[in-house]
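One structure below.
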Amino acid sequence: MENLVNDIRSLIEREAAEIEPTLIAIRRDIHAHPELGHETPRTSSIVVEELRSMGLAPKTGVGGLGVTADIQGGAGPGPLVLIRADMDALPMDEATGLPYASKIPGRMHACGHDLHTATLLGVGRILTGIAPQLRGSVRLVFQPAEETIDSGARRMVADGAAEGAAIALGFHNMPELPVGTFGFVRGAVFASGDEFNVVVRGRSGHAARPYTALDPIVTASAIIMQLQTAVSRSVNPAAAPVLTVGQIHGGTAFNIIPETCFFEGTIRCRSVESREIMKERFFEICNGVSAAMGMTCEINFIRGCPPEINDEEVLGSTVSSIERQFSQDSLIECAGDYGTEDFAYFTELMPSAHVFVGSSQPGRSDRVHNSDYQPDERCIGFGVAALARTAVDILS
């Protein structure tokens with residue numbers, strides 16, 4: 001173990017460089033054949049084949065087409081570290097013109113999950129080679145359906161993918177950061193994502209005689225305005241949620257007060273506490289304003305991803321490992337975001353850290369979910385080295 005610790009930086013650097021061309025080839029194959037949501041049979045089969053070639057025994061059909069594989073250390077007892085990569089693509093056409101561009105119209109790996117899959121395979125290959133010198137074990141988790149409402153992470157967790165794990169590590173490529181750098185966020189990385197739709201029920205009538213009707217449009221408007229006070233007056237501003245009403249529909253003609261008015265939207269929160277407060281206030285305001293105006297409302301509140309929050313200790317050790325493998329200059333502290341990431345279903349179960357791997361090509365200004373997204377493939381090798389080093393340090 002002492003020899004491993006003393007020489008781990010050069011060992012990981014050398015092995016990551018050696019396997020990088022193979023990993024890039026795997027990434028390009030996956031990129032050319034993107035699969036959506038839970039339907040990832042080809043990608044999953046590639047993962048299984050690669051894991052078996054490492055001498056591992058992958059578990060298939062986890063939460064659908066998810067794949068897991070455990071790497072058992074041989075140097076004594078220790079924690080089980082879970083590392084997750086997502087595999088699914090997006091329903092959009094590709095416009096890169098690259099030789100390995102998507103062969104399937106309407107599908108593209110525009111978020112870099114092909115990079116993630118290749119990266120985790122590389123991490124597995126390095127850790128398998130040094131497993132006899134590790135204390136504890138590593139679970140590689142390859143997850144479908146990160147880009148869908150029906151979360152692949154939630155299905156995999158329900159099917160036992162997180163059982164026994166003490167620490168979870170997640171990662172995502174980031175084209176806003178130069179290749180060779182790594183981003184990290186203290187505290188909440190992403191927000192929760194809850195959805196709602198509401199039907200306000202009034203009584204229809206003639207626009208010339210509103211006193212004979214109960215106007216649900218007026219009531220829906222009052223509810224929407226009052227909901228903003230839940231944001232500004234019910235929650236600590238340091239953990240301010242975001243509430244957005246994206247649609248409102250009511251009525252069929254200019255001179256008729258309708259029977260109902262419908263609206264829907266999302267609530268995003270960066271703490272568990274603010275999420276619970278917002279849900280409670282949402283029901284109170286919708287029901288209270290409706291009742292005060294002599295009407296009723298039907299509320300459909302759909303729980304989505306929880307907030308994804310980095311554990312201070314695990315993040316600290318992860319950042320330290322990356323610094324030891326690369327340098328302090330390779331690390332960039334980033335701001336959290338109000339988007340959602342279903343890795344949160346793992347992070348709510350155990351201390352976790354989610355880091356970003358710089359993927360910007362020199363001379364380009366790319367963004368994910370763009371039809372011309374062209375990340376720098378060197379981010380695969382950098383990600384392999386960072387995650388492998390983090391796991392080794394935890395298990396040494």
Exercise for review: Would you mind working out the accessible area per residue for the chain, using a 1.4 Å probe, and quoting it in Å²?
Suggested key: 42
Revision key, fill the gap. Of the accessible area of the stretch 6-95, computed with a 1.4 Å probe and all protein chains kept, carbon and sulfur make up a percent value of 51
Point to revise | FRET efficiency, E312 to R203 (Cβ-Cβ, R0 41 Å, nearest 0.05) | key: 0.15
Practice item. Could you calculate, for the stretch 36-119, the ratio of the Cα radius of gyration to the Kirkwood radius, expressed as Rg to Rh? Key: 1.06
Review point. In degrees from 0 to 90, rounded to the nearest 10, what is the angle of the helix 272-292 Cα long axis to the longest principal axis of the chain?
Key: 10
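Using only the alpha carbons of the stretch 1-147, what is the convex hull's orientation-averaged projected area in square nanometres? Don't jump to the answer; show the numbers that get you there.
On the way: hull surface 35.8 nm².
For the stretch 1-147, averaging the hull's shadow over all directions gives 8.9 nm².
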Exercise for review: Treating the angle as unsigned and between 0 and 90°, give the value, to the nearest 10°, between the Cα long axis of helix 378-394 and the longest Cα principal axis of the chain.
Suggested key: 80
Check your understanding: Amide H of V189: which non-local residues (sequence gap of 5 or more, or other chain) have their own amide H closer than 5 Å, using H built in the peptide plane?
Key -> E308, I309, N310
Check your understanding: Can you give me the pair-distance distribution of the stretch 277-329, C-alpha pairs, 10 Å bins, whole percents?
Key -> 19, 25, 16, 14, 15, 10, 2
Exercise for review: Can you grab the distance from the C-alpha centre of the stretch 177-221 to the C-alpha centre of the stretch 275-327, Å, no decimals?
Suggested key: 15
Point to revise | Which of S359, S327 is most accessible, then next, and so on - probe 1.4 Å | key: S327, S359
Check your understanding: How many nm separate the modelled label positions at A166 and R378, each set 7 Å beyond the Cα in the direction of the Cβ?
Key -> 3.7
Study note, to complete from the structure: Rounded to the nearest 10 degrees, the helix 216-233 long axis (Cα) sits at an angle to the longest Cα principal axis of the chain of 50
Review point. How much of the calculated P(r) for the stretch 281-396 lies past 26 Å, in percent of all Cα pairs?
Key: 43
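Can you pull the Rg over Rh of the stretch 197-255, Cα-only, Kirkwood? Walk me through the numbers on the way to the answer.
Details: Rg = 15.1 Å, Rh = 13.5 Å.
With Rg and the Kirkwood Rh in hand, the quotient comes to 1.12.
To the nearest µm²/s, what D does Stokes-Einstein give for the stretch 162-247 at 4 °C and 1.567 mPa s, using the Kirkwood radius over alpha carbon pairs as Rh? Don't skip to the end; give the middle numbers.
Numbers: Rh = 18.2 Å.
The calculation lands on 71 µm²/s.
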Practice item. For H206, H38, H354, give the ranking by accessible area with the largest first, probe 1.4 Å. Key: H206, H38, H354
Review point. Once Rh for the chain is found with the Kirkwood sum over Cα pairs, what is the Stokes-Einstein diffusion coefficient at 10 °C and 1.306 mPa s, in µm²/s?
Key: 70
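Evaluate 2.2 N^0.38 Å with N set to the residue count of the stretch 191-294, then give the Cα radius of gyration divided by it. Let's see the in-between values first.
Values: Rg = 15.2 Å, N = 104, 2.2 N^0.38 = 12.8 Å.
The stretch 191-294 yields a ratio of 1.18.
Rounded to the nearest 500, what is the chain's calculated 222 nm mean residue ellipticity when only DSSP H runs of at least 4 contribute -39500 (n - 2.57) each, over all residues? Before the final figure, lay out each step's value.
Working: 9 runs with 143 residues, N = 396.
Computed mean residue ellipticity for the chain: -12000 deg cm²/dmol.
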Exercise for review: Please report Rg over Rh for the stretch 237-307, where both radii come from the alpha carbon positions and Rh follows the Kirkwood definition.
Suggested key: 1.05
Point to revise | Solvent-accessible ranking of C334, C269, largest area first, probe 1.4 Å | key: C334, C269
**Study point:** From phi via Karplus (6.51, -1.76, 1.60), per-residue ³J(HN,Hα) for the stretch 181-192 in Hz, x at Gly/Pro
**Key:** 10, 9, x, 8, 10, 8, x, 6, 7, 10, 8, 6
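The values are calculated or read from the model by the stated rules, or taken from the named source; none is laboratory data. None of these values were measured; they are calculated from a predicted model. So basically every Cβ, Gly included, is an ideal-geometry build from the backbone, and we count neighbours across all protein chains shown. All accessible areas refer to the heavy atoms of the entire protein, side chains included, with ligands and DNA or RNA removed. Shrake-Rupley method; radii C 1.70, N 1.55, O 1.52, S 1.80 Å.
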